[in-house]
1. Given (i) 12; (ii) 15; (iii) 29, which label gives percent of Cα pairs over 28 Å apart as computed from the coordinates?
2. Given the C-alpha centroids of the range 115-136 and the range 18-86, what is the distance between them in whole angstrom?
3. Using the Karplus equation 6.51 cos²θ - 1.76 cosθ + 1.60 (θ = phi - 60°), what ³J(HN,Hα) coupling, rounded to whole Hz, does each residue of the range 125-136 give in order, writing x for Gly and Pro?
4. Step through the residues of the range 97-103 one at a time and calculate ³J(HN,Hα) from phi using the Karplus curve (6.51 cos²θ - 1.76 cosθ + 1.60, θ = phi - 60°), rounding each to whole Hz and writing x for Gly and Pro.
5. Rounded, prolate or oblate: pick one for the range 1-61, where a ≥ b ≥ c are the square roots of the eigenvalues of its C-alpha gyration tensor, a/c under 1.5 means rounded, and failing that, prolate if a/b is larger than b/c, else oblate.
6. Looking at the chain, what % of its DSSP beta bridges pair antiparallel, to the nearest 5?
7. Which ³J(HN,Hα) values, rounded to whole Hz and listed in residue order, are derived for the range 32-45 from phi using the Karplus coefficients 6.51, -1.76 and 1.60 in 6.51 cos²θ - 1.76 cosθ + 1.60 with θ = phi - 60°, glycine and proline given as x?
8. Contact order normalised by length for the chain, with contacts defined as Cα pairs under 8 Å and 6 or more residues apart; what percent is it?
Amino acid sequence: MLVKGRVWKFDHDIDTDQIYPGKYLPLTDKREMARHAMEGTKGGEEFIKSIKKGDIIVAGKNFGCGSSREHAPVAIRGIGVSVIIAKSFARIFRRNSVNTGLPILELEQVEEIQQGDSLEVDIEKGLVKDITQNKEFKAKSVSSLEMEIMKAGGLLAYLKEGVSYE
């Protein structure tokens, strides 16, 4: 899975209420949910207005902390983000991302990547190339099972494909 996109940079401890504010929880249409992705963050309005399909979120540590709402990764995936790269993810957000088919990678050196940089990311190999700065980083890859689930488009799609328990 090779993706290219522009960086949208966010800080540490971005919680699920910032990613997808609670007042929108009654929404069920994924396109409508996507219109509110990252709305509660600093720079969220510009993000919603200017994001392009394939763009990449880069964030600090503990991305997705807070509640267990699955709406957060659903909205981010729905708005067209190709991958989230963070120093670390909250445990439940990480699981929800995998289960909804939203690719994620952990990278220690996120501080070196700047807002607006162009990245090329090999999600399977965990290679992050900052084309703007001519730098390359090695991210911590997800497990092979998590990668299979994300490549299938999420847990439900993965299970529909059939799983062998031999």
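A short reminder: the numbers here are calculations on the coordinates, not readings from a lab. Computed from a predicted model, the values in this text were never measured in an experiment.
1. (ii)
2. The range 115-136 and the range 18-86 have Cα centres spaced 21 Å from each other.
3. 8, x, 9, 10, 10, 8, 5, 4, 9, 6, 10, 10
4. 5, 4, 5, 9, x, 8, x
5. oblate
6. 55 percent
7. 5, 4, 4, 5, 10, 4, 6, 4, x, 9, 5, x, x, 5
8. Worked out over the chain, it gives 24 percent.
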